[in-house]
Amino acid sequence: MAIKYCTKKRLVQALSASNSWLECKKDIVNNLNVFPVPDGDTGLNMSLTLQAANEAIQSSESDNLAQIASEIVQSTLMGARGCSGVILSQFFNGFAEGIGSRKRLNALELAQALRQGADAARGGVREPVEGTILTVMRHASEFAVGLAESEDDLTEVLQGALRAATESLRQTPELLPVLKDAGVVDAGGQGFVYMLEGILRLIEGQPLEEVSRVEVTVARMVNAWKGLLSTIRAKRAEEIGEAEVIAAKLVESWKGKLGAIKVPSLRSIPGLDRVGSIVAKTWESVLGLIRQRNLKDIKGVDKTAERAVSAWERELEYKYCTEFLIKGEDLALKQIEAELGRHGDCVMVVGTPWLAKVHLHTNDPESIIEYAYGLGEVSRVKIDDMDEQHQSLLAEEVAPAKPRRYEPRRYEDHQRGENYQRGKHIGVVAFAPGEWMAEILKSMGVDKLIGGPRKLKPSTQDITRAIESVDARSILALPNDGDIIPVAEQAAKLSNKEVCVIPSRTIPEGISALLNFSPEVSLEENKGAMTQALGKVKTGQVAKAAREALYKDLKIKKGDIIGLYNRKIEVKNKRSFNVAASDLITKMVDEESQLITIFYGKEVSKTQAERLGQQTKKDYPDLVVELYRGGQPQYYYIISVE
Amino acid sequence: MAKVAIVTGSNHGIPQSLIEEYGIRMIPFFISLGDETFRDAVDITPKEFLEKVKRSKLFPKTAALPMGELAEAYREAAKEGKSVASIHMSSGLSLPTYENAIKAKKTVPEADVEIIDSRLTWFSIGLVVLESARVAKEGKSKDEVVRVAKDAISRTISIFGLPDLEYLHRGGRIGRAKSLLGSLMKVIPIVAVRPEEGIITPVGRGRNIRQVNQRMIETIKADMERVGAKKIKCMIGDVGDNPEATRDLKEVLERNIDCGEIIEGIARVEIVHVGPGGWGIGYYLLE
């Protein structure tokens, strides 16, 4: 049966189908990343961007095609992640313009709107490259327009578009040499093909493996928990076996409501905070108890459950978020961390043996500071009552915030947020992969770190939030990642403030730019100096190959350690990231080099990092070698040479 | 025969030979460490004082220029039939010194004293003092000397690399450079004193001596462009323990900027606020 028109209803369905199909294919797209590094995110980024659109229109009350299209544009603009996400948002922008104020589109109008989208996507990129999603979009939409001039069945036109897209995708390695070298087609292009495929599968009635992504919140979990308990109580399960069966049945029925929860992996759900993890832990132990048949009666289950629920409902165990700097000699960071861990939690001790930044949650900040004074000089004390922040987590009323009790004895600079300069006119926001790196950047002048869930790259919205939260009229933004630069530029365009994006592709570039930041000169002058500074440092990265790859004449297996320099794979090692790092450094150092800085990541122990540091000092006795804990999740080492 | 006496404190970086050549009346600050107090460069050499500071766990201190000594200097000048140009470090950095000069002037009504707030510090005051002294030696009038001094102030700037910013912080003079404190990476903060500000302002940070010096050059070039200057005169030096930094600065300067004169200066009382490892430049923009 021919489909003659695209109505608002059909657009919503099409987008939903596109979203679902891309979502389940996103890992395939991720693996097409030219560099087999673990942060190949194209599939994930495109999927999340599309998801933002889908969520917006599913809950929309609008009846109007143009209105829906505009909602898609708004949501993808804000929800865009990564380069590919930004391109998608620009595509939808053009597509919506093509729709204009029409109530429905015929085949030709739809094809033309697609082409307008393809043009807008191309127009939004500073230097469009052929052999990417831009090429695939162009070929698909041009073919669609040609076809629609004599064909009025939307199905036929879309099928034609998909055929053209698939063929164009196949040709991308011919257009873009790096794809050919890596033996892959373009990831973004593949994502776009899946998007079209999804729509056709919907039309043809094929399955779309749609998983309803209901967001799991702590509140829901606790309710589900309570539900389990009351069911068990109601059934009066005297036999543990029965309780087990009931639990299993309930979990099964929850799957539909709560998404695919694999008990007990509640911890992996993004958005769970520390309190939620108490509930999760307790949930695990109770299920464990049930399974181990250690319970003689339901009361035991009740107690654990009560503890979990009340942990969530009552005030936080440790109330005061406490931060300060210690300046001393030979500070033993690990020992300090261990000691503080006995008086609070969320302990973080970051820095060097002569200057450390301490952060923890505790109920007795006075004793903590007292202890710190025994280690060196304490300064920049900041104490926050977290009850105020916790308000938003609880439904019930919280006790009013208690006044800060601690008064540091020596220095005047204990005011909250004492870095804040009144009438500050330039603020700095930056992205950091991990908390330790974030602390380093903060100490070097960054006012706000760009947030977002831990494993994901930030969306336009995340960057916008960071920009808004800084009390300054002008903002400098350091994306510190090539994939975040376009998102930052998008956020800059959308902001009311004067925002300048310094296109840092890596952390070392970002730090180099930050060193050249001067709060005393204009935004323009800073832009010049900081942008120039980007080129003054070389970045090397050591990571584990996420898939097999053939790079020039380097055969890489999944799990090999690879060293990247200047966006090229330079070295490879089967076993040792330290050896890979040393080899990489050899490629980076030249006669002008003076300073090697090594940031070690989450997967590397301090001992292993120190070994690399010592080896490097030995290899280059004339250079200064510095080692810092970066704690970054994806790269064993980030190395800068200047 | 000079008609004008140049009176100043000991914060100018001018090497002893030039002090004597121009007959500059230098009044030493009082510097102290723990319970020992010295007259700057009189009771103890800068080198010895720096050693003491480095070995001690305490931070050194200074006091304002004593009013009595200033009055004495003015009285002597008056006896010799000379006027006085009393040039002092920025009131933004040491208000009591400036105020003491004013009070001293009041107690010596027979002297013809002009008190000049340089709004500068270390080598940049040095350049201003030397310009004024040169003109005074030529026998010019007080008005002429003061005119030259004020003109020099408007075209002189200083920049310093301070490996340990705590000294400036403890001395209470860190001004707007407070934002440079507390870096978790090993960096050298770079600060400036500009005559229109009269206090310490932040410039940025460098990871090593070379980066700091290059930043200095960039700043100097920007200033030169701003006023259309083609050359500079300058004074450079370090606190006494970082000749490598001074050497590198000289090299980078000679390679990049048209410097008429590069005077090599020293540190006296500056040790207290600049701290070990510190170095810098005062530069005078010429048309």
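The values are calculated or read from the model by the stated rules, or taken from the named source; none is laboratory data. Keep in mind that what you see is a predicted model, and the values were worked out from it rather than measured. Virtual Cβ from ideal backbone geometry, glycine too; neighbours counted across all protein chains shown.
Any chance you could count how many residues in segment B:180-193 are over 21 Å from A:Pro508 (Cα atoms) and facing chain A (nearest Cβ under 9 Å)?
Number satisfying all stated conditions: 1.
Could you run through segment B:194-233 and say how many residues are part of a loop (DSSP other than H, G, I, E, B), within 10 Å of chain A (Cβ to nearest Cβ) and basic (Lys, Arg)?
2
Condition first: among the charged types (D, E, K, R) and in contact with a Ser or Thr (Cβ under 8 Å, 6 or more places away or on another chain). Now tell me which residues in segment B:242-269 satisfy that.
B:Glu264, B:Arg268
Six or more apart or on different chains, Cβ under 7 Å: which pairs go from a residue in segment B:32-55 that's under 18 Å from B:Gly13 (Cβ atoms) to one that's among the basic types (Lys, Arg) and surrounded by 14 or more Cβ atoms within 10 Å (Cβ to Cβ)? Could you list them?
B:Asp40/B:Arg268; B:Ala41/B:Arg268; B:Pro46/B:Arg268
Hey, among A:Ala581, A:Ala543, which residue is part of a strand (DSSP E or B), assigned by TED's automatic domain parsing to the domain that holds A:Asp619 and buried (at least 21 other Cβ atoms within 10 Å of the Cβ)?
A:Ala543
Taking segment A:160-205, which residues are among the hydroxyl-bearing types (Ser, Thr, Tyr) and crowded, with 20+ Cβ neighbours inside 10 Å?
A:Ser168, A:Thr172, A:Tyr194
Checking the structure you have, find out if any residue of segment A:316-326 is of a type in the set (A, V, I, L, M), within 18 Å of B:Leu181 (Cβ to Cβ) and within 14 Å of chain B (Cβ to nearest Cβ).
yes
Considering only residues that are charged (D, E, K, R) and in a loop (DSSP other than H, G, I, E, B), which ones fall in segment B:170-193?
B:Arg173, B:Lys186
Just one of A:Ala187, A:Ala248, A:Ala237, A:Ala182 is farther than 17 Å from A:Ile3 by Cβ and at pLDDT below 60; which is it?
Just one listed residue meets the conditions, A:Ala237.
Kindly indicate whether any position in segment B:240-249 is within 14 Å of chain A (Cβ to nearest Cβ), at negative phi and surrounded by fewer than 21 Cβ atoms within 10 Å (Cβ to Cβ).
There is at least one residue in segment B:240-249 that is within 14 Å of chain A (Cβ to nearest Cβ), at negative phi and surrounded by fewer than 21 Cβ atoms within 10 Å (Cβ to Cβ).
For B:Lys178, which of the numbered conditions (1) basic (Lys, Arg); (2) buried (at least 21 other Cβ atoms within 10 Å of the Cβ); (3) in contact with a His (Cβ under 8 Å, 6 or more places away or on another chain) fails to hold?
Going through (1) basic (Lys, Arg); (2) buried (at least 21 other Cβ atoms within 10 Å of the Cβ); (3) in contact with a His (Cβ under 8 Å, 6 or more places away or on another chain) one by one, B:Lys178 breaks only (2).
I'm trying to understand the selection: among the residues of segment B:100-150, which are among the small types (Gly, Ala, Ser) and surrounded by 21 or more Cβ atoms within 10 Å (Cβ to Cβ)?
Within segment B:100-150, B:Ala101, B:Ala104, B:Ala111, B:Ser118, B:Ser124, B:Gly126, B:Ser132, B:Ala133, B:Ala136, B:Ala149 qualify.
Listed residues A:Arg575, A:Arg611; which is out of contact with any helix residue (DSSP H, G or I) (no Cβ under 8 Å at 6 or more places or on another chain) and either among the acidic types (Asp, Glu) or surrounded by fewer than 20 Cβ atoms within 10 Å (Cβ to Cβ) (or both)?
A:Arg575
Quick check on this structure: which one of A:Lys558, A:Lys568, A:Lys552, A:Lys544 is away from chain B (no Cβ under 14 Å), free of Cβ contacts under 8 Å to residues at least 60 places away in the same chain and either small (Gly, Ala, Ser) or more than 25 Å from A:Val446 (Cβ to Cβ) (or both)?
It is A:Lys568.
Within segment B:142-156, can one find any residue that is β-branched (Val, Ile, Thr), at the interface with another protein chain (Cβ under 10 Å from one of its Cβ atoms) and more than 15 Å from B:Thr121 (Cα to Cα)?
No, that holds for no residue.
Scan (1) touching a residue at least 12 places away in the same chain (Cβ under 8 Å); (2) under 30 Å from A:Thr49 (Cβ atoms) for the single condition A:Asn496 breaks and write down its number.
(1)
For segment A:349-373: of the residues being away from chain B (no Cβ under 11 Å) and in a strand (DSSP E or B), which is surrounded by the most Cβ atoms within 10 Å (Cβ to Cβ)?
Out of the qualifying residues, it is A:Val358.
Counting only residues that are under 20 Å from the mean Cα position of the chain (by Cα) and farther than 30 Å from B:Trp279 by Cα, give me the helices (runs of 4 or more DSSP H) lying completely in segment B:53-169 with at least 2 of them.
none
Tell me, please, whether a residue that is in contact (Cβ under 8 Å) with a residue 12 or more places away in the chain, in a strand (DSSP E or B) and under 25 Å from the mean Cα position of the chain (by Cα) can be found in segment A:600-623.
The answer is yes, given that some residue of segment A:600-623 is in contact (Cβ under 8 Å) with a residue 12 or more places away in the chain, in a strand (DSSP E or B) and under 25 Å from the mean Cα position of the chain (by Cα).
In segment B:228-254, how many are hydrophobic (A, V, I, L, M, F, W, C), within 13 Å of B:Val212 (Cα to Cα) and under 21 Å from the mean Cα position of the chain (by Cα)?
Summing the residues that are hydrophobic (A, V, I, L, M, F, W, C), within 13 Å of B:Val212 (Cα to Cα) and under 21 Å from the mean Cα position of the chain (by Cα) in segment B:228-254 gives 3.
Test A:Val625 against the criterion of being surrounded by 19 or more Cβ atoms within 10 Å (Cβ to Cβ), farther than 24 Å from A:Asp483 by Cα, in contact with a helix residue (DSSP H, G or I) (Cβ under 6 Å, 6 or more places away or on another chain) and not basic (Lys, Arg), and give yes or no.
Here the answer is yes, as A:Val625 does meet what is asked.
Does segment A:607-627 hold any residues that are among the charged types (D, E, K, R) and in contact with a Leu (Cβ under 9 Å, 6 or more places away or on another chain), and which are they?
A:Glu610, A:Lys617, A:Glu626
Got a number for residues in segment B:4-29 being surrounded by fewer than 18 Cβ atoms within 10 Å (Cβ to Cβ) and either in a loop (DSSP other than H, G, I, E, B) or acidic (Asp, Glu) (or both)?
So the count comes out to 4.
Which numbered condition trips up A:Lys457, out of (1) more than 16 Å from A:Ala438 (Cα to Cα); (2) modelled with pLDDT under 90; (3) touching a Gly at 6+ places or on another chain (Cβ under 8 Å)?
If we test A:Lys457 against (1) more than 16 Å from A:Ala438 (Cα to Cα); (2) modelled with pLDDT under 90; (3) touching a Gly at 6+ places or on another chain (Cβ under 8 Å), just (1) comes out false.
Please go through segment A:578-598 and pick out each residue that is among the acidic types (Asp, Glu) and within 11 Å of chain B (Cβ to nearest Cβ).
A:Glu592
In segment A:526-540, how many residues are assigned to a loop (DSSP other than H, G, I, E, B), more than 10 Å from chain B (Cβ to nearest Cβ) and charged (D, E, K, R)?
Of the residues in segment A:526-540, 0 are assigned to a loop (DSSP other than H, G, I, E, B), more than 10 Å from chain B (Cβ to nearest Cβ) and charged (D, E, K, R).
Could you check segment A:1-117 for helices (runs of 4 or more DSSP H) lying wholly inside it with 2 or more residues that are of a type in the set (Lys, Arg)?
Answer list for segment A:1-117: A:8-30.
Within segment B:187-222, count every residue that is under 23 Å from B:Arg247 (Cβ atoms) and not hydrophobic (A, V, I, L, M, F, W, C).
Counting residues in segment B:187-222 that are under 23 Å from B:Arg247 (Cβ atoms) and not hydrophobic (A, V, I, L, M, F, W, C) gives 14.
Counting just the residues of segment A:628-642 that are touching a helix residue (DSSP H, G or I) at 6+ places or on another chain (Cβ under 8 Å) and of a type in the set (S, T, N, Q), which one comes out farthest from A:Ile440 (Cα to Cα)?
A:Ser640
Working only within segment A:498-525, note down all residues that are facing chain B (nearest Cβ under 10 Å), in a helix (DSSP H, G or I) and farther than 30 Å from A:Pro633 by Cβ.
The answer is A:Glu525, and nothing else.
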